[in-house]
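One structure coming up, written as C-alpha cells, with questions to follow.
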Amino acid sequence: MNAPRPVDPLRFLGGYPPSTLDQVRELIAQGQLGDYLVRRYPDRHDVRNDGALYEHAMALKQRYLRNAPLLAKVAYDNRLQIDQRALGTLTAVSRVQGGQLKAKREIRVAALFRDAPAQMLQMIVVHELAHLKSREHDKAFYALCEHMLPDYHQVEFDTRLYLTWRALEAMDITAPNT
Ligand SMILES: [Zn+2]
C-alpha cells in the first residue's frame, strides 16, 4: 500500500541554494513563514479586474518602457498553472489585419495574484514588461526589472515564499506545532 507521494511545498523555490532552502524549512518548522510575509508585505492592492490590471501595466510601461511595443491586452488568467513556474506570460499572437500581419502582445498574470501583496503583483507585471525588451533572462533583463521595481530579486524570492505559504495552507500544515 503506497501512500501518494506528498507534493514538495518547496517546489516553488527550485534554483535557490540549499542553505537558503534550509532557512525556509526552519521558518516553516517554527510556524513563522506567514508572520514573516505579513510583516514584510502588509499592503494589498486594488487591482481587482482586468481593466485595472491593464491600467496598472500601462502606467509602468509609460514610465519606463515608453518605446517598447504596444500591449493589446493585460489580463488575469485562471488557467496559468503556477506549478510550471510561470507566474505570468507574455505572448505575441499574430493576426492578419487589413492585409498586414500584426503581432498582438498580451500579458497574462496568474489569477491568484488578484489577491496578493501589492509588490508581488508589481513584480510579475514588471517581469513580463521587461520581456517586451528582452526574451532572455539575462543581466540586462534583470537590470531592467530592478530599475522598474527596486528590490526586484527580493520580491521575487518572497513571492515564491508566498506561493509556498499558500501551498502549505492548502495542505493545512502551516503551523505544525499548534
Ligand atoms: Zn521570464
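Scan segment 51-68 residue by residue and report those that are surrounded by 13 or more Cβ atoms within 10 Å (Cβ to Cβ) and of a type outside the set (D, E, K, R). Give the derivation first.
Narrowing segment 51-68 to residues surrounded by 13 or more Cβ atoms within 10 Å (Cβ to Cβ): 52-54, 56-58, 60-61, 64-65, 68.
Once the filter is applied, which keeps residues that are surrounded by 13 or more Cβ atoms within 10 Å (Cβ to Cβ) and of a type outside the set (D, E, K, R), segment 51-68 yields A52, L53, Y54, H56, A57, M58, L60, Y64, L65, A68.
Inspect segment 95-116 for any residue being surrounded by 17 or more Cβ atoms within 10 Å (Cβ to Cβ), within 23 Å of R63 (Cβ to Cβ), away from the ligand (no atom under 16 Å from the Cβ) and touching a residue at least 60 places away in the same chain (Cβ under 8 Å) and give the result as yes or no.
Yes, some residue in segment 95-116 is surrounded by 17 or more Cβ atoms within 10 Å (Cβ to Cβ), within 23 Å of R63 (Cβ to Cβ), away from the ligand (no atom under 16 Å from the Cβ) and touching a residue at least 60 places away in the same chain (Cβ under 8 Å).
Against the definition (modelled with pLDDT under 95 and closer than 21 Å to Q119 by Cα), how does P69 come out, yes or no? Please lay out each step first, then the result.
Details: modelled with pLDDT under 95: yes; closer than 21 Å to Q119 by Cα: no.
For P69, the condition - modelled with pLDDT under 95 and closer than 21 Å to Q119 by Cα - is not met.
Quick one: in segment 119-140, which of the residues that are within 20 Å of A59 (Cα to Cα) and surrounded by fewer than 16 Cβ atoms within 10 Å (Cβ to Cβ) is nearest to the ligand (Cβ to nearest atom)?
Taking segment 119-140 and keeping what is within 20 Å of A59 (Cα to Cα), we get 119-134.
Those still in the list that are surrounded by fewer than 16 Cβ atoms within 10 Å (Cβ to Cβ) too: 133-134.
Values: K133: 12, S134: 9 Å.
By that ranking, first place goes to S134.
The values are calculated or read from the model by the stated rules, or taken from the named source; none is laboratory data. All of these numbers come straight from a predicted model, not from anything done at the bench. Don't worry about glycine lacking a Cβ; one is built from the backbone with ideal geometry, like all the others, and counts go over all protein chains shown.
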